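Undergrad: Questions regarding the structure given below will be posed in turn.
Any read-out appearing in this document is the output of simple, stated calculations on the displayed coordinates, not a laboratory observation. Not measured: the values here are computed from a predicted model. Reconstructed Cβ throughout: ideal geometry from the backbone, glycine too, with neighbour counts over all protein chains shown.
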Ligand SMILES: Cc1cc2nc3c(=O)[nH]c(=O)nc-3n(C[C@H](O)[C@H](O)[C@H](O)COP(=O)(O)O)c2cc1C
C-alpha cells in the first residue's frame, strides 16, 4: 500500500463520520446534536514552544473549572488536526501518512458540549457523538481507579486501528503506531501547557475495559488516556 492509499483510507473514515454513520454499539444518542463543528483552531499563542517544554509537568489535580469548547478544539487539533488541507496531513507525524490513530473526547464538563463520548474527525474538525452521558466514572474505573481521570473535566483518548498501517509496515506497524501515539500525546501536553492547562499521560488501564466503557469500534485499541483540566486540587 502506498502512502496515498493510506491517506485515502483515513479520508474515507472521516467522510463516514461526517455523514453520521453508526459508530458504536453503545447507547444511541437521542435528542442530542450528533455532530458538533468545533471552533477554528488558533495557530498563534502567547507561550513559546520552548517555554511550554520547560514548564510541562504531569498534573494530577484538577480544579472545578470546566474546559471551554475552544480549548477542547485546540487540544484535539494538536493531537490529530489537519495542518495541510490538500493532502490531509496532520499535526503529528505518521509513518507513510497512514494515520492509524483516532482521538476521542470523553467530555464531562466542557462548556457548550453535552457530557458524552465524542469521536474527533480531523478532516472536518468536528466531533461526532458516540454516546451521551458522563462517562468519566466508568473510564476512571477502567483506568485503575486513578482519581484524576474522574476529576478532569475531559479526557482525550488516543486509540489505534492497526488495520490501516499493517498492510504497509507489517511487523513494524505496531511499533510505529505506538511512536505516533507518543507524538500525539506530546503535542497535547505542550498545547495544554501553552493554554494554561494541565495534563498527565495515562498508560496504566484495562484495554478491553476502556474499549467497552467507551464503545470504541472493535478494530481499535486504546493506547493513551490524557485527562486535561485547569490545575488545582
Ligand atoms: C507511557 C507513559 C505512561 C504513563 N502512565 C501514567 C499513569 O498511568 N498514571 C500516571 O499518573 N502517570 C503516568 N505517566 C506519567 C509519568 O509518571 C510522568 O511523566 C513521570 O513521572 C515524569 O514526570 P513529568 O511528566 O512531570 O516530567 C505516564 C507517562 C508515560 C510516558
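Undergrad: How much length, in nm to one decimal, is gained on full extension between residue 33 and residue 58, taken as 0.36 nm per residue of separation minus their Cα-Cα distance?
TA: 5.6 nm
Undergrad: Suppose we keep just the DSSP beta bridges with both residues in the chain; what percent of those would be antiparallel, to 5?
TA: Given both bridge residues lie in the chain, the antiparallel proportion sits at roughly 95 percent.
Undergrad: Jot down the per residue volume, in cubic angstrom and as a whole number, of the convex hull over the alpha-carbon atoms of the chain.
TA: Looking at the chain, the number lands at 114 Å³ per residue.
Undergrad: Please arrange 84, 174, 220 by how many other C-beta atoms lie within 10 Å of their C-beta, fewest to most.
TA: The most exposed by this proxy come first: 84, 174, 220.
Undergrad: Oh, and also: Kindly rank 111-122, 54-65, 139-150 from highest to lowest mean number of other beta carbons found within 10 Å of each residue.
TA: So the peptides 111-122, 54-65, 139-150, ranked by packing, come out 111-122, 139-150, 54-65.
Undergrad: What distance in nm separates the two pseudo spin-label positions at residue 40 and residue 68, each 7 Å out from Cα along the beta-carbon direction?
TA: 1.6
Undergrad: Need one number: nm distance between label points at residue 89 and residue 179, each 7 Å from Cα along Cα→Cβ, rounded to one decimal.
TA: 1.7
Undergrad: Quickly work out the residue 144-to-residue 114 label distance, labels modelled 7 Å from Cα along the C-beta direction, and quote it in nm with one decimal.
TA: Going from the residue 114 label point to the residue 144 one covers 3.5 nm.
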